[in-house]
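Encoded as structure tokens, the structure appears first; notes follow it.
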Amino acid sequence: MRATSSTNITTSAASRTHWSTTVPDLGRRSCGALTASDVGATVQLDGWVNRRRDHGGLIFIDLRDRDGITQAVFDPSQAEAFAVAETLRNEDVVRVRGLVRRRPAGTENPKLSTGEVEVAAEGVDVLNRSLVPPFPINVEADVDESLRLKYRYLDLRRPRLQHNLTVRHKILKAIRDFFDARDFLEIETPCLIKSTPEGARDFLVPSRLHQGTFYALPQSPQILKQLLMIGGLGRYMQIARCFRDEDTRADRQPEFTQLDVEMSFVDEDAVTALMEECIVYTWRTAIGVEIPQPVPRLAHAEALRRYGSDKPDLRFELELVDVAEAFAGTPIKFLQEHAASDASRIVAVRYPGGAALSRRDFDELTETAKSFGAGGLIWLSYAADGWKASIQKLLDDATVDKLQTATSSQTGDALLLVAGPRDLASDVAGKLRLHVGERLGLRDPEKFAFCWVVGFPLFERDPETGALTPTHHPFTSPAPGQEALLDTDPLSMRAQHYDLVLNGSELGSGSIRIHDPEFQRRIFEIFGLSDAEIEARFGFFMEALRYGAPPHGGMAWGIDRLAMLACGETSIRDVIAFPKNQTFRDVMMDAPSSVPVDLLRDLGLALKTKPPG
RNA sequence: GGCGCUGUAGCUCAGUUGGUUUAGAGCGCCGCCCUGUCACGGCGGAGGUCGAGGGUUCGAGCCCCUUCAGCGUCGCCA
């Protein structure tokens, strides 16, 4: 579903009338260009038959191209053209010549930009015929996505995808213009690189010339852009393709596009300030939306406390409220324990108007909370005739009043209470907050609420193994002056890391990088790498750090998601020209697919698993 | 990888408790008619391995098992 289908894409006057390189052909027009001021001109239109309305003695052909739709009228007085028009069908490709004339009074079509006029056809060439398309091109019908993907070239003819790809182009153009104006160089980095143990699984490319060895496709240009800084390029950007061989998931593609940026001699404030300017400029230029500045900055801990998420949706308030105090003397044992423990939280999510919900609604909310990982949910409602709660008999008026004051609840509101270990309670409450926001229609897709989240911990504990792992990637520098904590209290270290968040989605993240080789080596060690592994996998990088690596930092944005949100779409597949489906297959080309045995032999490979089919 | 939902005409879908003959509808498609439509209109027509395989039953689109595909969701993805 598109929420911002009304977003206007304006096309410049020049491209409207002459978007072909065909010269000289002064009569050539796009199908969205003609207006009353063209009346009297003889023109030529090339396009697809969007629809034919055959009245027997008069035939209307709606001619469509990317720019719009123009009505051509065929009259028996032009016998030859009329005879051709009788044979036209949807998606045939035609060239129509004729005179632009004003439509008869009362027959104008206000739905078309060209609706005041029509072309009285004098001649028509059929440039190509079309089979009957497997799904309608000329109406916004609901079509199974796998069918759309199989015939992607037909889906691309529809206005929705043409609009989305236009917006995406404008975003990329705005970004490039922005960085070009600030002395950044767009530098291409290779796609055939070395496999390095990073976060995700690498795609591998077997080498024919060096059998038994493999290139890896980059998960991101991370190391390469750091090497560009060591190479003294100073300011780099790239619209880069990245590849990760991970398990499938909604809104994930095995290849995706990143804006990649890196700068030397900068600190966190410099990078975030620049990137903030960039997003403001991009939104303004690409979709005409002004982002209020400054973009709010939230500390990581603060984001978790107030919103229960490190990527909070700031389109609405409904902040979480800690209410442990109200339960200090409660007879309810588990609440009393959580209230007393520093490792726990008791969090209230206010549900405006929630007192009107039925018992059954609250039961459903409880199930929802459980699906988020909660042990259970306590609800409390402030109805006009008194309060009600899931633990009615265990609550007293004083506690209920305290809760109402603490959460600024009004009569008619409800509270959803979650108690548990700090991280879990925050997470569940944060998800409930989003759920309530969703139910109340507060997550308006036409609203854009950006924020920065900063001050992430440098390390976290792997919940399964208990081992220390970098919160983001192993190249992130700790906050200035904290290096010594590595030996004493690593979990207290803050990272010079920053996330840009939009409407509850992480759009991108960046950091100031480590440029000290010894410190980098120690981080790799914590990452679980032995000296031998560091040498084998990152030896080239470690060596580079020793040749005068400048301080540097940067950021990367997910362009697919950015474009998706800008277009008001809910799937990144709708802003990618040729996406893979949910199982990462290209159903149009049929990829991945088996290959001839000779190719494998040339590569020195043999299959252990027979390909299907 | 786990769980859930879906699979019937080209498309979007209906199909009752397992039992009316030839499995329906709208759109699309084909033919004929129609000079102001723009979701044109009128009349007529074609079009189905009910995802695949197996089972239960006198009888299966419907129930059971297996399998394939798609979608959604969670794990996973620095």
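One line per residue, one yes/no per condition, for (1) open to solvent by 20 Å² or more (accessible area, probe 1.4 Å); (2) at pLDDT below 95; (3) not in a loop (DSSP other than H, G, I, E, B):
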position	(1), (2), (3)
A:LEU274	yes, no, yes
A:CYS278	no, no, yes
A:ALA286	no, no, yes
A:GLU290	yes, no, no
A:PRO294	yes, no, no
A:GLY329	yes, yes, no
A:ASP342	yes, yes, no
TODO: For residues that are open to solvent by less than 60 Å² (accessible area, probe 1.4 Å) and of a type in the set (D, E, K, R), scanning just the stretch A:126-156, find the one that is nearest to the chain's Cα centre (by Cα).
DONE: A:GLU145
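Can you tell which of A:ARG51, A:ARG66, A:ARG95 is open to solvent by 30 Å² or more (accessible area, probe 1.4 Å) and either near RNA strand B (Cβ under 10 Å from one of its atoms) or at pLDDT below 90 (or both)?
A:ARG51
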TODO: Would you confirm whether any residue within the stretch A:407-426 is charged (D, E, K, R) and within 32 Å of the chain's Cα centre (by Cα)?
DONE: yes
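Every residue, every condition in (1) out of contact with any Asp or Glu (no Cβ under 7 Å at 6 or more places or on another chain); (2) within 14 Å of RNA strand B (Cβ to nearest atom); (3) without any contact (Cβ under 8 Å) to a residue 60 or more places away in the chain; (4) open to solvent by less than 10 Å² (accessible area, probe 1.4 Å), yes or no:
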{"position": "A:SER571", "(1), (2), (3), (4)": "no, yes, no, no"}
{"position": "A:VAL587", "(1), (2), (3), (4)": "yes, yes, no, no"}
{"position": "A:SER594", "(1), (2), (3), (4)": "yes, yes, yes, no"}
{"position": "A:VAL597", "(1), (2), (3), (4)": "yes, no, yes, no"}
{"position": "A:LEU600", "(1), (2), (3), (4)": "yes, no, yes, no"}
Open item on the list: Just to verify a result, which residue in the stretch A:110-123, among those that are part of a loop (DSSP other than H, G, I, E, B) and surrounded by fewer than 15 Cβ atoms within 10 Å (Cβ to Cβ), is nearest to RNA strand B (Cβ to nearest atom)?
Closed with: A:LYS111
- [ ] Please work out which one of (1) open to solvent by 20 Å² or more (accessible area, probe 1.4 Å); (2) of a type in the set (Gly, Ala, Ser); (3) in a helix (DSSP H, G or I) is the condition A:ALA369 fails and give its number.
- [x] (1)
- [ ] Would you please list the contacts, defined by Cβ atoms under 6 Å and residues six or more apart or on different chains, that run from a residue in the stretch A:233-246 that is in contact (Cβ under 8 Å) with a residue 40 or more places away in the chain and farther than 22 Å from A:PRO592 by Cβ to a residue that is in a loop (DSSP other than H, G, I, E, B) and open to solvent by less than 20 Å² (accessible area, probe 1.4 Å)?
- [x] A:ARG235/A:PHE184; A:MET237/A:PHE184; A:ALA240/A:PRO221
Task: Subset of the stretch A:189-233 that is aliphatic (A, V, I, L, M) and in a loop (DSSP other than H, G, I, E, B) - its residue that is nearest to RNA strand B (Cβ to nearest atom) - done: A:ALA200
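Listed here are the residues, each with its yes/no results for (1) within 10 Å of RNA strand B (Cβ to nearest atom); (2) of a type outside the set (A, V, I, L, M); (3) under 20 Å from A:ARG573 (Cα atoms); (4) part of a strand (DSSP E or B).
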| residue | (1), (2), (3), (4) |
| --- | --- |
| A:ARG101 | yes, yes, no, yes |
| A:ASP125 | no, yes, no, yes |
| A:LEU149 | yes, no, yes, no |
| A:ARG157 | no, yes, yes, no |
| A:VAL167 | no, no, yes, no |
| A:ARG182 | no, yes, no, no |
Open item on the list: Whether any residue in the stretch A:111-125 is farther than 17 Å from A:ARG51 by Cβ and among the β-branched types (Val, Ile, Thr) is what I want to check.
Closed with: yes
- [ ] Mind counting the residues in the stretch A:429-456 that are open to solvent by less than 20 Å² (accessible area, probe 1.4 Å) and farther than 30 Å from A:TYR281 by Cα?
- [x] 5
Task: Unmet requirement for A:ALA549, which otherwise passes all of (1) in a loop (DSSP other than H, G, I, E, B); (2) modelled with pLDDT of 95 or more; (3) open to solvent by 30 Å² or more (accessible area, probe 1.4 Å) - done: (3)
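The values are calculated or read from the model by the stated rules, or taken from the named source; none is laboratory data. This is a predicted model, so every value here is computed, not measured. Reconstructed Cβ throughout: ideal geometry from the backbone, glycine too, with neighbour counts over all protein chains shown. What goes into the accessible areas is simple: the full protein's heavy atoms, side chains included, and nothing from ligands, DNA or RNA. Shrake-Rupley method; radii C 1.70, N 1.55, O 1.52, S 1.80 Å.
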